[in-house]
2 protein chains.
Amino acid sequence: MARKIDEEKIWRIKASTMKTIVDYGIEATTIAMIAKNANVSGGYLYRIYSGKQDLINELYDEKISSLYQELEFLIALNNTSFKPIISAFVQNRIVYSLNEPIASKFFYQLLHNDNFSLTEELKDKSLSLMQTLKEIGVNTNEISKNVSLYQLYYHIFVYVVDYIQFKRNNIFENQDLLNDDVEYLTNNILNFLKSVD
Amino acid sequence: MARKIDEEKIWRIKASTMKTIVDYGIEATTIAMIAKNANVSGGYLYRIYSGKQDLINELYDEKISSLYQELEFLIALNNTSFKPIISAFVQNRIVYSLNEPIASKFFYQLLHNDNFSLTEELKDKSLSLMQTLKEIGVNTNEISKNVSLYQLYYHIFVYVVDYIQFKRNNIFENQDLLNDDVEYLTNNILNFLKSVD
DNA sequence: AATAAATGAATGAATGTTTATTCATATCTT
DNA sequence: AAGATATGAATAAACATTCATTCATTTATT
């Protein structure tokens, strides 16, 4: 055997990628900047990733994946009613944005960048998750039976992430995220999904 | 005097910039691509704009500006009740996304890109518009007096634009935007802003 | 009215910088 | 020593930007 792969090095690359993108934007971020910030040689990135696009896409897929896993876990924990699932999910998003502001903002940026899209596998998973959630909500009568999978997806994934990010980067005032936000967002989501006819 | 400035040329540059960015993303868009697509020489862009960043930012400011003007007009038209203003604004956003899909998507992309931000002047205008709207809504009791300017701003500007764009780029199915959407979005917004406590 | 001179618009090839990517070499672990 | 990891200088392509030049239009002069 030879020298071991330094796992921490890969972790540093990921952290550096997110930080650099959050600080300077995807456009201005270069491989050299990422490597320097990660204390890693430029060429080393190419041993692991096939390039900048691949590196960012893989990171994004990772984030989406863990989000879906989290939701699956919450569904398994409580599959008889809709609100607790959403409420816990929203709370986790707020906690995440406070504890991991860089990762959180990185995710937000990619969510709205069409150059980086999901794998077919993740799209399928997304679809089946929304279907499961819809069944739960419709059965308990917490949401309308006419709600579309799109409406579910948008309000659960995009609305929450966006609201939190916009609140943090606010042009009006720098506002703290509060526990009140969990309830506010959860209720808003339930109202949307209930009011479809 | 010399030759006149060809105004259509500037129009072509703007249209080309939006189209190229929508097709390839801001990152992959080059000055050469924009110029070629606009049938304009590469160097000509620098007579009008100081560079790529300036060109995009100016276009973005233009879009924001006309959005604010539109809202001002709607407020002047009906300054005694909140819902008609929002309803008309939402309807205009949907019509705009159907009639000007490229401009609409361009705007959406920039709304979520922190590398391009508003001028202080536009931020001020935004603030005063939200204050005016809040007064109208609170007076008629259509929205909560505890609503923050941020919540107003997010739900009126961001939520509507995002919902529409996500519906069009849907990973689930390609859905048409309908008149039903106007009512759905308007009601959602009013519910959000009413339910703050 | 005809012609020349002046002005500023517009061009696109040339420039120099930046960037992703490669590869010969060094380093580390067993 | 062997076999892998890791380096970073070297490379080549892509890029934004500049600038000498050309071209269209207007104004002045006869």
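Any read-out appearing in this document is the output of simple, stated calculations on the displayed coordinates, not a laboratory observation. The model shown is predicted, which means the values in this text are computed figures rather than measured ones. A quick note on method: Cβ atoms are made from the backbone with ideal geometry, for glycine too, and the neighbour counts reach across all protein chains shown.
The set of residues in the stretch A:115-155 being surrounded by 15 or more Cβ atoms within 10 Å (Cβ to Cβ) and among the acidic types (Asp, Glu) consists of A:142 alone.
Filtering the stretch B:18-47 to residues that are away from DNA strand D (no atom under 11 Å from the Cβ) and either of a type in the set (Lys, Arg) or within 24 Å of residue B:119 (Cα to Cα) (or both) leaves B:18, B:19, B:21, B:22, B:25. Suppose the filter is within 13 Å of another protein chain (Cβ to nearest Cβ), of a type in the set (A, V, I, L, M) and surrounded by fewer than 18 Cβ atoms within 10 Å (Cβ to Cβ); does residue A:77 pass it? Criteria not met by residue A:77. Those helices (runs of 4 or more DSSP H) of the stretch B:7-58 in which at least 3 residues are crowded, with 16+ Cβ neighbours inside 10 Å and of a type in the set (Val, Ile, Thr), considering only elements entirely within it, cover B:7-28. Out of everything in the stretch B:11-34 that is over 11 Å from residue B:56 (Cβ atoms) and not hydrophobic (A, V, I, L, M, F, W, C), what residue ends up being farthest from the other protein chains (Cβ to nearest Cβ)? Per the stated criteria, the residue is B:12. Taking every residue in the stretch B:40-60 that is more than 18 Å from residue A:27 (Cα to Cα) and pairing it with any residue that is near DNA strand C (Cβ under 6 Å from one of its atoms) and part of a helix (DSSP H, G or I), at least 6 positions away or on another chain, the pairs with Cβ-Cβ distances below 8 Å are B:40/B:9; B:44/B:9.
Taking the stretch A:108-140, which residues are more than 18 Å from residue A:190 (Cβ to Cβ) and away from chain B (no Cβ under 12 Å)? Across the stretch A:108-140, the qualifying residue is only A:121.
For the stretch B:102-197, the helices (runs of 4 or more DSSP H) that sit wholly inside it and include 2 or more residues that are over 22 Å from residue B:74 (Cα atoms) are B:160-168.
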